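The values are calculated or read from the model by the stated rules, or taken from the named source; none is laboratory data. Since we're looking at a predicted model, the values are computed, not measured. Please note: Cβ atoms are built from the backbone with ideal geometry, for glycine as well, and neighbour counts cover all protein chains shown.
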Amino acid sequence: MTTTTVARSSSGLTRRQRARLNRWVQYAVGLLVILFLAAKTDWASMADSFARGDVAASMFPRLLTEALKNTLIYTGLAFVFGLGLGLLIAMMKLSSIGPYRWVANGYVELFRGLPALVVLFMVAYGIPNAFPGFQFPGDIYGKVTVGLGLTAAAYMAETIRAGIQAVPKGQWEAARSLGMGPGRTMFSIIIPQAFRVVIPPLTNELILLVKDSSLVYVVGVSIAQYELTKFGQSFLNSKANATPLIVVALSYLAITLPLSSLVRALEKRFAKAR
Amino acid sequence: MPTTQSAHATSPGAHAISIRNLSKAFGDHVVLRDISIDIDPGQVVCVIGPSGSGKSTLLRCVNLLETPTSGQIWVGADEMTDPDVDIDKVRRRIGMVFQSFNLFPHLKVLDNLTIAQTKVLGRSKDEAVEVARRNLGRVGMADREDAFPSQLSGGQQQRIAIARSLSMDPELMLFDEPTSALDPELVGEVLAVMKGLAGEGMTMMIVTHEMGFAREVADRVVFMDGGYVVEDGHPSEVIGNPKEQRTKSFLHRVLNPMVIEPEEIHPDGIHDHIADIYDGGAR
């Protein structure tokens, strides 16, 4: 071995040359796999199963006027309900009063541990059975709001609690020193700052809710109340073709991708106010 | 324990702040031991002492950010330690300035100054803005009312924090090491604002390490150590001619930071060395 500063392996390549070679080999392997799959695929059959223009066209305009709209409504209702309840539970978790904390902790553990589908079933069928004569306001809308919102609230409560605790103690002290009471301090000073912290995780919660809204069909909905998944499924059955699934998938992405970029925009806007 | 606390001839309610037999412990750790101090309206009192001496805790007890273990505190005629006191109401009259500024980062400068005015004092938005602008002018920040706190330097933020307190028209102001978190070149602008306030007759209780400021601006300097008030008097006495050995050695170290030679530092750390200075002096 000489004292040269460039380490050479037995192949005679420098470390940088070897790294470059390594990278090109990986590109080549990836390309070969793609070419192999493309050659093996029956494109005509694929297009016929997943991308039939006439099937896709037949889903309009109800895809937008009913299915997409209903998905947004179910999601929005459950999110607002879950956010309100989650905020309440977060405050209970931070309370100095023991029983409030115990109830809140029990709630979070219970509803995080249950599948959303089970909760939805319980709300939609269990509660009307247990309380004869009780009607959810808006019937299916009430059932969905509560059924999906209860689960969402458990997750959001944990997120909001963490956000509130992330606000420095000095903020609380400064507000109290100005004569603000505990409630005023919480709502005017702490929660606005906490929400800046929790907007990204809360938006993830919203995206999860968009997808959980596909469970709504178990409540027993009329055709006009179909959301995206149930709507797509009905076309899947009647057309015996998978194209509706692609259309539905793209519709979900049309909701969730803008949400993601909205988060980025909000984060950017809040960056200077932190 | 030798102390030179002021005599309590007058009734507690006659002072701006009266602290009587105040003790504070965090668990087994006793931070304040039987402190009694009266501060008169218009007085500027600097509280000095080594870290851990209890001076910040004392200040925070005055507006009940810390709950005293025993003893009584009056602010004007209101007893803060009375369980029935409306603490929010008394705190409106007490300005508080923190080491870490604690401006509300989600609000612009102007809103930082108006939020408590409108929501606590019930002032109209217009009136609150007018008061806020006047106080921004007082601290030399009139041109930055639309900035967010994070866009300002530490010195600017602390001046805004002072203006925020002033906007509540407080009877007295508490300062908890207001310049300790600042870069050295920014200390002067904050001290200048505080000096201006002192000149206007504001009652001020200031925990600080700025000996020059204490000497020049304070009417009275309180030296604390180990939870006790060790000396209490005019700055020319406490700083200029300290009687207690502990005060002398503290001032000696603060005024001559290079006094401890490297070879004097024990393997166990510098605190043992400082403890030696104390033990040799105070007993």
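Return the residues of the range A:95-133 that are of a type in the set (A, V, I, L, M), in contact (Cβ under 8 Å) with a residue 40 or more places away in the chain and surrounded by fewer than 16 Cβ atoms within 10 Å (Cβ to Cβ); say none if nothing qualifies.
A:LEU110, A:LEU117
Residues in the range A:21-33: is at least one small (Gly, Ala, Ser), part of a helix (DSSP H, G or I), surrounded by 10 or more Cβ atoms within 10 Å (Cβ to Cβ) and at pLDDT below 85?
no
Check whether at least one residue in the range A:64-78 is in contact (Cβ under 8 Å) with a residue 60 or more places away in the chain, assigned to a helix (DSSP H, G or I) and touching a Pro at 6+ places or on another chain (Cβ under 9 Å), and report yes or no.
no
Quick one: what pairs do we get from the range B:245-259, first residue basic (Lys, Arg), second not in a helix (DSSP H, G or I), C-beta under 8 Å, 6+ apart or different chains?
B:ARG246/B:PHE223; B:ARG246/B:ASP225; B:ARG246/B:VAL230; B:LYS248/B:PRO242; B:ARG253/B:ILE260
Looking at B:PRO83, is it at pLDDT below 95 and within 16 Å of B:GLU177 (Cα to Cα)?
No.
Search the range B:105-130 for residues that are within 9 Å of chain A (Cβ to nearest Cβ) and closer than 13 Å to A:ALA174 by Cβ and pair each with any residue that is of a type in the set (A, V, I, L, M) and in a helix (DSSP H, G or I) when their beta-carbon atoms are under 7 Å apart and the residues are at least 6 apart or on different chains.
Going by the 7 Å Cβ cut-off, the qualifying pairs are B:LEU107/B:ILE115.
Would you pick out the residues in the range B:86-104 that are in contact with an Asp or Glu (Cβ under 6 Å, 6 or more places away or on another chain) and either more than 7 Å from every other protein chain (Cβ to nearest Cβ) or over 21 Å from B:VAL187 (Cα atoms) (or both)?
Across the range B:86-104, the qualifying residues are B:VAL90, B:ARG93, B:GLN99.
Just one of (1) surrounded by fewer than 18 Cβ atoms within 10 Å (Cβ to Cβ); (2) modelled with pLDDT of 90 or more trips up A:GLN233, so point out which.
(2)
Does the range A:91-107 contain any residue that is touching an Asp or Glu at 6+ places or on another chain (Cβ under 9 Å) and more than 20 Å from A:ILE207 (Cβ to Cβ)? Reasoning before the result, please.
To start, the set of residues in the range A:91-107 that are touching an Asp or Glu at 6+ places or on another chain (Cβ under 9 Å) comprises A:93.
Adding the requirement that they be more than 20 Å from A:ILE207 (Cβ to Cβ) leaves A:93.
Checked the range A:91-107: at least one residue is touching an Asp or Glu at 6+ places or on another chain (Cβ under 9 Å) and more than 20 Å from A:ILE207 (Cβ to Cβ).
Tell me whether the range A:254-272 contains one or more residues that are over 14 Å from A:VAL210 (Cβ atoms) and in a loop (DSSP other than H, G, I, E, B).
Yes, the conditions are met somewhere in the range A:254-272.
Scan the range B:229-280 for residues that are small (Gly, Ala, Ser) and either surrounded by 14 or more Cβ atoms within 10 Å (Cβ to Cβ) or at pLDDT below 90 (or both) and jot them down.
Hits for the range B:229-280 are B:GLY233, B:SER249, B:GLY269, B:ALA275, B:GLY280.
Take the residues of the range B:12-49 that are assigned to a strand (DSSP E or B) and without any contact (Cβ under 8 Å) to a residue 24 or more places away in the chain: which is nearest to B:GLU200 (Cα to Cα)?
Here the answer is B:PHE26.
Just one of B:MET202, B:MET141 is more than 14 Å from chain A (Cβ to nearest Cβ), crowded, with 18+ Cβ neighbours inside 10 Å and over 17 Å from the mean Cα position of the chain (by Cα); which is it?
Just one listed residue meets the conditions, B:MET141.
Please verify whether A:ALA67 is modelled with pLDDT under 90, within 23 Å of A:THR145 (Cβ to Cβ) and out of contact with any strand residue (DSSP E or B) (no Cβ under 7 Å at 6 or more places or on another chain), treating the condition exactly as stated.
yes
Give the range B:170-186 a look and list any residue that's surrounded by 20 or more Cβ atoms within 10 Å (Cβ to Cβ) and without any contact (Cβ under 8 Å) to a residue 40 or more places away in the chain, or say none.
B:THR179, B:LEU182
Considering only residues of the range A:72-94 that are surrounded by fewer than 19 Cβ atoms within 10 Å (Cβ to Cβ) and hydrophobic (A, V, I, L, M, F, W, C), which is farthest from the chain's Cα centre (by Cα)?
Selected residue: A:LEU94.
Within the range A:237-253, restricting attention to residues that are more than 25 Å from the chain's Cα centre (by Cα) and in a helix (DSSP H, G or I), which residue is modelled with the lowest pLDDT?
The qualifying residue modelled with the lowest pLDDT is A:LYS239.
Residue by residue through the range B:156-186, note down the ones that are acidic (Asp, Glu) and within 11 Å of chain A (Cβ to nearest Cβ).
Hit for the range B:156-186 is B:ASP176, nothing else.
Considering every residue within the range B:62-69, establish whether at least one is under 20 Å from the mean Cα position of the chain (by Cα), within 13 Å of another protein chain (Cβ to nearest Cβ) and part of a helix (DSSP H, G or I).
Yes, there is a match, as at least one residue in the range B:62-69 is under 20 Å from the mean Cα position of the chain (by Cα), within 13 Å of another protein chain (Cβ to nearest Cβ) and part of a helix (DSSP H, G or I).
In the range A:163-206, how many are under 19 Å from A:GLU267 (Cβ atoms) and either within 14 Å of another protein chain (Cβ to nearest Cβ) or buried (at least 18 other Cβ atoms within 10 Å of the Cβ) (or both)?
17
Can you tell me which residues in the range B:182-224 are out of contact with any Gly (no Cβ under 6 Å at 6 or more places or on another chain) and among the small types (Gly, Ala, Ser)?
B:GLY188, B:ALA192, B:GLY196, B:ALA198, B:GLY199, B:GLY212, B:ALA214, B:ALA218
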